[in-house]
Amino acid sequence: MCGIVGSIRTNANVVEFLTDGLKRLEYRGYDSSGIAVQTDNGLKRVRRVGRVALMEQAAKDKGIYGHTGIGHTRWATHGGVTEPNAHPHISGDLISVVHNGIIENFEAERTRLQGLGYVFESQTDTEVIAHAVHDNYKKTQDLFTTVQQACANFHGAYAIAVIANDKPSQMVVARMGCPLLIGLGKGEVFIASDVSAVVAFTREIIYLEDGDIAQLTADGVAKLIDKTGKTATRTATTSQVSLASLELGAYSHFMQKEIYEQPKAVADTAEIFLDAGFIPQNFGKNAEQVFKEIDSIKILACGTSYYSALTAKYWLESIAKIATDVEIASEYRYRDVIANPKQLVITISQSGETLDTMEALKYAQSQGHTHSLAICNVMESALPRASELVFYTRAGAEIGVASTKAFTTQLVALFGLAVTLGKVRGFISDDSEYSSALRSLPNDIQYALNLEPQITTWASKFAEKPSALFLGRGIHYPIALEGALKLKEITYIHAESYPAGELKHGPLALVDDNMPVVVIAPNDNLLDKVKANMQEVSARGGELFVFSDLDNNVEASDKVHVIRTPRHVGVLSPIVHTIPVQLLAYHVALSKGTDVDKPRNLAKSVTVE
Ligand code: G6P
């Protein structure tokens, strides 16, 4: 949610980095962007509503050149999508600030600062940072202390970068609850919300910790204090993120690329279990002890990650025979809960920084839950750091806002967890059927990808419709939910999903010839039930679009369209059936001409409530 960058470059124009970095952070928000650069003619700021490319062009047109600067790409929270609300925010022509996060007590701070004579130009919470820093700086002229004093007054989550006009080779950054890293170059230093913004410039990365405040010069970190105010050292690590993984290559969209990367992403993640076996240690050093102690599981997540949790419940209860409860993180954190120290709290998050999930975990811990496991795709992000156990999926960077390969790799992780717990709990003595299912999975996904030409023929039919209904039963119901979410996220077609058995209890009233009904109908023990539900749709003139396996007697007809994967893959069928619903959403979006990778109003990483 919002991305920030900054840099001091002795021998190059900082604008080049700022705009490149912001483009790579656009997944965090893309309604407006801006940069502030210290030039020979004083501080220059460029802001634009819309994509970073527009702002970049404006900066080029103005010929902005300088060695120190900061930048921001925004997902609006406080104040509408307008240029005055775009960052950087400036105070007294002296202090410029970019900020990711939310200053919760901004109203009180604004009143205080207005009392001191500050006039606010925006509706953002961020502007209080600029004025608060400015107010202190006038007195001390010491940017570091000034930022430290200002931060002491802020409640909430933030990652900020601050520059002062009269200190052209300095920048102060602070992190609390939002990601922030420093990239070290030769005679240059970079900061960013995410490593993808800097790897084209340097791979030497320092990840700041919550409460850290650092003063930077072109030579690196001049001073750093931790949350207790003591001087601290943070060691740099070399990032292994490949630049190619951040580029589109031959693909038209990141979502398309990421859908097609699934055989590899899934194989890479499955390799953890196939190499080491289904052993607790895959989840962390203490996992064996924890897995022996627990009597139930609670999973907390948001969005697509929540649907992977819903799918996992079936595996955990059938394979590991452990009671599993799944809850949307933003709901869990605001209700009275009954803590059970023997319950394992699992959080699932692609980004590892979704605020609702993070807060739900903290809440669970505060209520007396002692065991936690994070399933995450981003190394060292907030959730794994706050959890006792961790499992990293190997999806690689996911840039399209609509999650695809992160979802299927989460499912692999959760399946591996179910088998591992099944063994620890004595329900599985021979795991070979599970490892062979995992071994075949990349090929099965590839076969599903090969269905793309058939799926394309359906897309134009959906593109004309205002709504669509997705049905599934059992473990495929969460996949129907995910299919509906993908469709609405990137095509703006209203889509909802029901367990097929619920159809007759309400949604059947919606069915007419204008409501396409997508059914996930693999050849499993519920197929006959699903077929009966499909009859209910056909009898009301509904048009069915069925994803199924071979040999299951679902007959195609005028108003029953069927696409079949080559075989029923058994326990991992939900993962394989995810592919066609992703491709369907993607091709409907292409037919409608929507922005596949950056759907309106959304962002990939949601670090606000
Ligand atoms: C946002 C994204 C979704 C994602 C959800 C949870 O809403 O647009 O794609 O599923 O956040 O994100 P997480 O990083 O916690 O998995």
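The values are calculated or read from the model by the stated rules, or taken from the named source; none is laboratory data. Remember, predicted model here, so these are calculated numbers, not experimental data. Quick reminder, even Gly has a Cβ in these numbers, built from the backbone with ideal geometry, and neighbours come from all protein chains shown. Note: areas computed on protein heavy atoms with side chains; ligands, DNA, RNA excluded. Shrake-Rupley method; radii C 1.70, N 1.55, O 1.52, S 1.80 Å.
Summary of values
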{"quantity": "Prolate/oblate/rounded label for segment 301-375 (Cα gyration tensor, a/c 1.5)", "calculated": "oblate"}
{"quantity": "Using a Förster distance of 60 Å, the FRET efficiency for Tyr447-Asp40 (Cβ separation, nearest 0.05)", "calculated": "0.50"}
{"quantity": "3J(HN,Hα) from dihedral phi, segment 322-332, Karplus parametrisation 6.51/-1.76/1.60, rounded to Hz, x for glycine, proline", "calculated": "10, 4, 10, 10, 10, 9, 5, 4, 5, 7, 4"}
{"quantity": "Subset of Lys44/Lys139; Lys405/Lys504; Lys264/Lys488; Lys292/Lys313; Lys313/Lys598 violating a 22 Å alpha-carbon distance limit", "calculated": "Lys44/Lys139; Lys405/Lys504; Lys264/Lys488; Lys313/Lys598"}
{"quantity": "Segment Thr456-Ser557, extension gain: residue separation times 0.36 nm, minus the distance between their alpha carbons", "calculated": "34.5 nm"}
{"quantity": "Net charge of Cβ neighbours under 15 Å - reference Ser296; Lys, Arg +1; Asp, Glu -1", "calculated": "+1"}
{"quantity": "FRET efficiency for Arg439 and Leu243, using Cβ-Cβ distance with R0 set to 41 Å, rounded to 0.05", "calculated": "0.85"}
{"quantity": "Highest-first arrangement of 595-601, 541-547, where packing means the average Cβ count within 10 Å", "calculated": "541-547, 595-601"}
{"quantity": "Acute angle (nearest 10 degrees) that the helix 303-318 long axis makes with the longest principal axis of the chain, alpha-carbon atoms", "calculated": "40 degrees"}
{"quantity": "Extension gain (nm, one decimal) between Thr111 and Ala532, 0.36 nm per residue minus Cα-Cα", "calculated": "145.2 nm"}
{"quantity": "Gain on full stretching of the segment that runs from Leu54 to Val81 - 0.36 nm per residue minus C-alpha separation", "calculated": "8.3 nm"}
{"quantity": "Ordering of 6-18, 358-370 by packing [mean C-beta count within 10 Å, highest first]", "calculated": "6-18, 358-370"}
{"quantity": "Burial order of peptide ranges 530-539, 487-496, 308-317 (average beta-carbon count within 10 Å, highest first)", "calculated": "308-317, 487-496, 530-539"}
{"quantity": "Beta bridges per DSSP with both ends in the chain, % antiparallel, nearest 5", "calculated": "60 percent"}
{"quantity": "Calculated on alpha-carbon atoms, Rg and Dmax of the chain in Å", "calculated": "25.4, 80"}
{"quantity": "FRET efficiency, Glu16 to Ala250 (Cβ-Cβ, R0 25 Å, nearest 0.05)", "calculated": "0.45"}
{"quantity": "Accessible-area composition of segment 450-609, carbon plus sulfur, in percent [1.4 Å probe]", "calculated": "47 percent"}
